[in-house]
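Below is one structure, written out as structure tokens, with a few remarks after it.
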Amino acid sequence: MNNKLTINYLILIIAFSFFGCRGPVKEENKNNASASSLSLHVENEKYVVIDTKESTVTWKGSNLIGSNSHTGYVYISKGELIIENGQLMGGTAEVDMNTIEDENHGRDNGLVNHLKDPDFFDVKKFPFSTIVLTKAVSINGENKKVAGNLTIKGITHPVTFPAKMEVKNGIVKVNGKLVIDRTKWNVRYKSGKFYDLLADQTISDSIEFHIKIVAKK
């Protein structure tokens with residue numbers, strides 16, 4: 001009798017452990033699956049799909065004092081532009097933050113690994129950044145003033161930036177320069193706003209993004 005009770009007790013413990021361990025795994029898979037939520041309108045003729053092989057984003061950061069600066073790249077994973085009558089009406093681009101590179105296209109070094117850490121972009125927790133274009137106003141010729149919403153680290157703020165746009169033979173080319181205050185997106189590492197007595201180690205709050213987008217029907 002005691003042996004039966006012991007066996008039943010062990011079975012209950014094993015069953016509890018098994019199903020108890022499965023819960024977090026399902027939740028983790030759910031989180032990973034929802035990390036990239038961008039869906040493309042592939043059957044809508046107004047939407048032109050971004051060519052991720054020809055599109056790129058170049059970033060630049062620098063110290064507040066002195067000439068020390070770093071540049072590099074990060075890549076668009078998917079996206080689309082809304083074009084009506086040859087004009088840019090909107091669009092969405094998703095950036096894979098795991099593709100951060102330095103100026104030599106290196107992805108596994110001290111600089112890049114630090115940029116992926118919670119000090120900067122916390123890439124494990126926030127693997128994607130997105131920009132949703134909401135408006136483009138013509139200034140003259142190819143020159144536009146583009147407005148949109150930029151999401152980094154799960155934080156969204158409106159942005160505006162100048163861009164040049166060309167539509168020719170079903171190919172759309174957009175080149176723009178976006179400058180942001182990184183602290184608005186909780187990237188505070190060595191910011192003069194939050195850390196005192198950093199002197200020449202203070203990193204500028206401004207980050208430049210030179211955006212090159214090529215989209216094709």
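The values are calculated or read from the model by the stated rules, or taken from the named source; none is laboratory data. Only a predicted model underlies this, so the values are computations on that prediction, with no experimental measurement involved. Note: ideal-geometry Cβ built from the backbone for every residue, glycine included; neighbour counts use all protein chains shown. Just the protein is used for accessible areas: all its heavy atoms, side chains included, with ligands, DNA and RNA removed. Shrake-Rupley method; radii C 1.70, N 1.55, O 1.52, S 1.80 Å.
Are any of the pairs K46/K78; K78/K190; K78/K153; K124/K216; K78/K144 more than 28 Å apart by Cα-Cα distance, and if so, which?
Details: K46/K78 16 Å; K78/K190 32 Å; K78/K153 18 Å; K124/K216 31 Å; K78/K144 23 Å.
Pairs exceeding the cut-off: K78/K190; K124/K216.
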For region 102-217, the percent of accessible surface on carbon and sulfur atoms (probe 1.4 angstrom, ligands and nucleic acids excluded) is 51
Which residues qualify? For E103, with a placed amide H closer than 5 Å and at least 5 residues away or on another chain, they are T71
Long-range amide H partners of K135, meaning residues 5 or more apart or on another chain whose placed amide H is closer than 5 Å, are A147
Diffing region 74-91: the Karplus 3J(HN,Hα) column from phi (6.51, -1.76, 1.60, θ = phi - 60°), in whole Hz with x for Gly and Pro, holds 8, 10, 6, 8, 6, x, 7, 10, 9, 10, 10, 6, x, 10, 7, 10, x, x
Env charge @ I155, Cβ radius under 14 Å, K,R +1 / D,E -1, value +3
The ³J(HN,Hα) series, computed from each phi in region 156-172 with the Karplus coefficients 6.51, -1.76 and 1.60 at θ = phi - 60°, rounded to the nearest Hz and given as x for glycine or proline, is 10, 9, x, 9, 9, 7, x, 8, 10, 10, 9, 10, 8, 6, x, 10, 10
Amide H neighbours of S55 at under 5 Å, excluding residues fewer than 5 places away on the same chain, with H built from the backbone geometry, are V214
Sequence order, region 101-113: Karplus ³J(HN,Hα) from phi using 6.51 cos²θ - 1.76 cosθ + 1.60, θ = phi - 60°, Hz rounded, Gly and Pro as x, gives 10, 8, 5, 9, 6, x, 10, 10, 8, x, 4, 5, 5
Plugging the Cβ-Cβ distance of Q87 and R188 into 1/(1 + (r/R0)^6) at R0 = 41 Å yields, to the nearest 0.05, a FRET efficiency of 0.60
Using alpha carbon centers only, region 150-174 is separated from region 74-127 by a whole-angstrom value of 13
Candidate cut points under GluC sites (Glu not before Pro) in region 83-129, DSSP loop plus at most 14 other Cβ atoms within 10 Å of their own Cβ, are E103
Charge tally for neighbours of E166 with beta carbon under 11 Å away, counting Lys, Arg as +1 and Asp, Glu as -1, is +3
Ordering F126, F194, F120 by the accessible surface of their heavy atoms, 1.4 Å probe, largest first, yields F194, F126, F120
